[in-house]
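*Asks:* Before anything else, here's the structure in question.
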Amino acid sequence: MVTPRENGRDPRLAVEVAGIRFHNPVLTASGCCGYGLEFEPLFDLSRIGGICTKGLSAKPMQGNPPARIQETPAGMLNAIGLQNIGARAFIEQKLPRLREYDVRVLTNVFGYTIDDYVEAIHILNDGDGIDGYELNISCPNVKEGGLIIGNDPRAAAEVTEAVKRVAKRPVIVKLSPNISDVAGMARAIESAGADALSLINTLVGVSIDIRTRRPRIANVTGGLSGPAIRPVAVRMVMQAAAAVQIPLIGIGGIATAEDAVEFLIAGAAAVQIGTASFYDPLATVKAVEGLSAYLDETGTESIRTLTGSLDLSPPPRGH
Amino acid sequence: MKDLAGTVEFNRQLAPRYYHIRLRLSEQVDVLPGQFAMLRPAALAEPILRRALAIHRAEDASVEFIYLVLGQGLEALSRIREGERVDVLCPLGNTYPTESVIDEGRRAVIVAGGVGSPALFMLASELVGRGADVRVYFGGRTKHDLPALDEFEALGCPVTVTTDDGSAGERGFVTVPLERDLALAGREASVVYACGPWPMMARVSEIAAGHAAKCYVSLEARMACGFGICVACVVEVCEGSFAPPFKYQKVCTEGPVFPAEAIVW
Ligand SMILES: Cc1cc2nc3c(=O)[nH]c(=O)nc-3n(C[C@H](O)[C@H](O)[C@H](O)COP(=O)(O)OP(=O)(O)OC[C@H]3O[C@@H](n4cnc5c(N)ncnc54)[C@H](O)[C@@H]3O)c2cc1C
Ligand SMILES: Cc1cc2nc3c(=O)[nH]c(=O)nc-3n(C[C@H](O)[C@H](O)[C@H](O)COP(=O)(O)O)c2cc1C
Ligand code: FES
């Protein structure tokens, strides 16, 4: 079977999430694509569905001292510390060039208080060509004694509500995996008005140098990402899909089209690729091509029919 | 910057844990002295991240690297054989400013520490080729830690060797003959280019400043991507050396070559 194409694109891959139309379901993950433009020398940005920027705050941030990363089995720990140029500089220096591509732009936003989020969103509302906001809620809440916002359904809902009140664009809330009740968290955020959920952010980890007995990254703890976390992420997508009506974006250890399909079947409508772009800079474009090939091979009509198609009936005997 | 397939032409051991690899790339690339590549044996499952290596030589569609195996990634690279594939993202990073040597006629003083030498070879070779006054100071822990020494010697410029244990050249740190050299040459006469262990570069930077010599260092940092998307590879820089507000600059895109006075040593 020959893949039908329109403008070199496979219309079977188009998806809509939170009212945003993506011409395919493959996005870059926040913190793993800079501001998107870093990929310009490698591929045409219009070939992927979307770009989710490095986390932005109202004011620029310096980030953590090095060492900021450590490779671990099938993954890596990072504590970059959200170094970013600030929402205003993003709009002025990066967005005009990003807009030249036919690719959806999500700006990832973080904060340490509700006011931080609201302030950043106010600035980004002026950014022509931003399609939506993704909220990173895996930050400590300075007003609540440093508890992680995304670990407390009430705090997560408050941030979501406050942002929804001011946001001129769809709001996607990004779940932290460091929680026990996925369904409860997902419902709390859905009730607060989120247009979609994305999951998962990194898992908190530590790696120790046994010769010096020191932590291998300066911040002591870091976020675990890469193929190592994929099964945890697929499980959480499956649980969230059972709990809410709003669409999901699956993230965590995706390196290939096959990995992406696993998330779609578990309940995601789109995916983001993070760490894999570090070691395979073309991972996103290869995944887009791989998805078309998967539809061809399996005789599947469109990518949308995969979402939530997980078969939980008892397997045939002997398997 | 391109993501290319490299085919191994040779991958030979130079000394315990040191290797020299030559790859034929799927496309020709233009490489500037000091630039580097991110490498990984194709289809390797683990470790997942590529390793950064300075481009030691580049010619048409071939590139060479010299590397010291520290852990799993370069260990895997050391095991691959002629005809096998390596993923190569290159060329990456900036280059060494050479105007003061080429246009103003200053002496080029190249200081290599151990496996820092590959990052300086193309520079030395280019400057010698352009008729500049070049000298090389090459230090290693032992005589086994002087990778590509023969290639530097073959350039025809003076090469002074030091080892910590005296097994080759002068015994002691490379900074000792460097200091003698700069003192003799006089103030502002030289431009120093250095790559090696951090304490060596810190000391070189201090000595160069003491003799009012410009100094450029090629830095290493832990890298995940090599092209600016992860923001892992940062080095702390002095206020005023880069546009505010950032005190951390990415070694992979703003470097790896920095003016020594910009770095917080
Ligand atoms: C721009 C640039 C150019 C480079 N050029 C060269 C080159 O030409 N030749 C060369 O041999 N190396 C070069 N390096 C260093 C090289 O990238 C690392 O040594 C390499 O990543 C180590 O990989 P590995 O798999 O051997 O060890 P890993 O498994 O990554 O590490 C093993 C152990 O060594 C430690 N380690 C890792 N990197 C370093 C380091 N840089 N210094 C000290 N300890 C370290 C780790 O913390 C760990 O404990 C360069 C680095 C950069 C950033
Ligand atoms: C170096 C690095 C930086 C990251 N920065 C951010 C960030 O700024 N905001 C955010 O929401 N997530 C950030 N993440 C998390 C990723 O977007 C993603 O959720 C996570 O890495 C899991 O996906 P992966 O396994 O494909 O990388 C970062 C991850 C890495 C590895
Ligand atoms: S290594 Fe990723 S930004 Fe420099």
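The values are calculated or read from the model by the stated rules, or taken from the named source; none is laboratory data. Source: prediction; values computed, not measured. Neighbour counts are summed over all protein chains in view; Cβ atoms, including those assigned to glycine, are modelled from backbone coordinates with ideal geometry. Surface accessibility is based on the protein's heavy atoms, side chains included, excluding ligands, DNA and RNA. Shrake-Rupley method; radii C 1.70, N 1.55, O 1.52, S 1.80 Å.
*Asks:* Which is of a type in the set (Gly, Ala, Ser) and open to solvent by less than 20 Å² (accessible area, probe 1.4 Å), of B:Gly105, B:Gly156, B:Gly140? Talk me through it step by step, then tell me what you get.
*Replies:* Values: B:Gly105 fails: open to solvent by less than 20 Å² (accessible area, probe 1.4 Å); B:Gly156 fails: open to solvent by less than 20 Å² (accessible area, probe 1.4 Å).
Residue meeting the stated conditions: B:Gly140.
*Asks:* What are the pairs, 6+ residues apart or on separate chains, where a residue within the stretch B:222-237 that is more than 7 Å from chain A (Cβ to nearest Cβ) has its Cβ under 8 Å from a residue that is part of a strand (DSSP E or B) and of a type in the set (Lys, Arg)?
*Replies:* B:Cys233/B:Lys250
*Asks:* Can you tell which of A:Val234, A:Val271 is away from ligand 3 (no atom under 16 Å from the Cβ), touching a Gly at 6+ places or on another chain (Cβ under 8 Å), open to solvent by 20 Å² or more (accessible area, probe 1.4 Å) and β-branched (Val, Ile, Thr)? Explain how you work it out, then say what you get.
*Replies:* On the way: A:Val271 fails: open to solvent by 20 Å² or more (accessible area, probe 1.4 Å).
Just one listed residue meets the conditions, A:Val234.
*Asks:* Quick one: is B:Val63 within 30 Å of B:Asp133 (Cα to Cα) and without any contact (Cβ under 8 Å) to a residue 60 or more places away in the chain? Step through it out loud before you land on a result.
*Replies:* Details: within 30 Å of B:Asp133 (Cα to Cα): yes; without any contact (Cβ under 8 Å) to a residue 60 or more places away in the chain: yes.
The answer is yes for B:Val63.
*Asks:* Go through the stretch A:21-44 and report how many residues are more than 10 Å from chain B (Cβ to nearest Cβ), open to solvent by 10 Å² or more (accessible area, probe 1.4 Å) and under 22 Å from A:Ala120 (Cα atoms).
*Replies:* Total meeting the criteria: 1.
*Asks:* A further question follows. Limited to the stretch B:229-250, what total is found for residues that are among the small types (Gly, Ala, Ser) and within 16 Å of A:Asn64 (Cα to Cα)?
*Replies:* Count: 1.
*Asks:* Considering every residue within the stretch B:60-72, establish whether at least one is of a type in the set (A, V, I, L, M, F, W, C), open to solvent by 80 Å² or more (accessible area, probe 1.4 Å) and within 14 Å of chain A (Cβ to nearest Cβ).
*Replies:* For the stretch B:60-72, residues of a type in the set (A, V, I, L, M, F, W, C), open to solvent by 80 Å² or more (accessible area, probe 1.4 Å) and within 14 Å of chain A (Cβ to nearest Cβ): present.
*Asks:* Of all residues in the stretch B:84-119, count the ones that are within 14 Å of another protein chain (Cβ to nearest Cβ) and farther than 17 Å from B:Arg50 by Cβ.
*Replies:* Residues flagged as within 14 Å of another protein chain (Cβ to nearest Cβ) and farther than 17 Å from B:Arg50 by Cβ within the stretch B:84-119 amount to 0.
*Asks:* Could you grab me the full set of residues in the stretch A:259-285 that are within 14 Å of ligand 2 (Cβ to nearest atom) and assigned to a helix (DSSP H, G or I)?
*Replies:* Residues satisfying the conditions are A:Asp259, A:Ala260, A:Glu262, A:Phe263, A:Ala276, A:Ser277, A:Phe278, A:Tyr279, A:Ala283, A:Thr284.
*Asks:* Restricting to strands (runs of 3 or more DSSP E) lying wholly in the stretch A:45-104: which have 2 or more residues that are touching a Gly at 6+ places or on another chain (Cβ under 8 Å) and within 13 Å of chain B (Cβ to nearest Cβ)?
*Replies:* In the stretch A:45-104, the matching strands (runs of 3 or more DSSP E) lie at A:69-72, A:75-78.
*Asks:* Taking A:Ala162 and the conditions (1) touching a strand residue (DSSP E or B) at 6+ places or on another chain (Cβ under 7 Å); (2) of a type in the set (A, V, I, L, M, F, W, C); (3) over 30 Å from B:Phe242 (Cα atoms), which numbered condition does it fall short on, given that it satisfies the others?
*Replies:* Unmet for A:Ala162, out of (1) touching a strand residue (DSSP E or B) at 6+ places or on another chain (Cβ under 7 Å); (2) of a type in the set (A, V, I, L, M, F, W, C); (3) over 30 Å from B:Phe242 (Cα atoms): (1).
*Asks:* With under 22 Å from B:Met38 (Cβ atoms) and of a type outside the set (S, T, N, Q) as the only criterion, which of B:Phe246, B:Phe258, B:Phe173 stands out?
*Replies:* B:Phe258
*Asks:* In addition: Restricting attention to the stretch A:291-302, does a residue exist that is surrounded by 24 or more Cβ atoms within 10 Å (Cβ to Cβ) and not in a helix (DSSP H, G or I)?
*Replies:* no
*Asks:* Say whether the condition of being out of contact with any Lys or Arg (no Cβ under 9 Å at 6 or more places or on another chain), within 27 Å of B:Val204 (Cα to Cα) and open to solvent by 30 Å² or more (accessible area, probe 1.4 Å) is met by at least one residue in the stretch B:18-36.
*Replies:* yes
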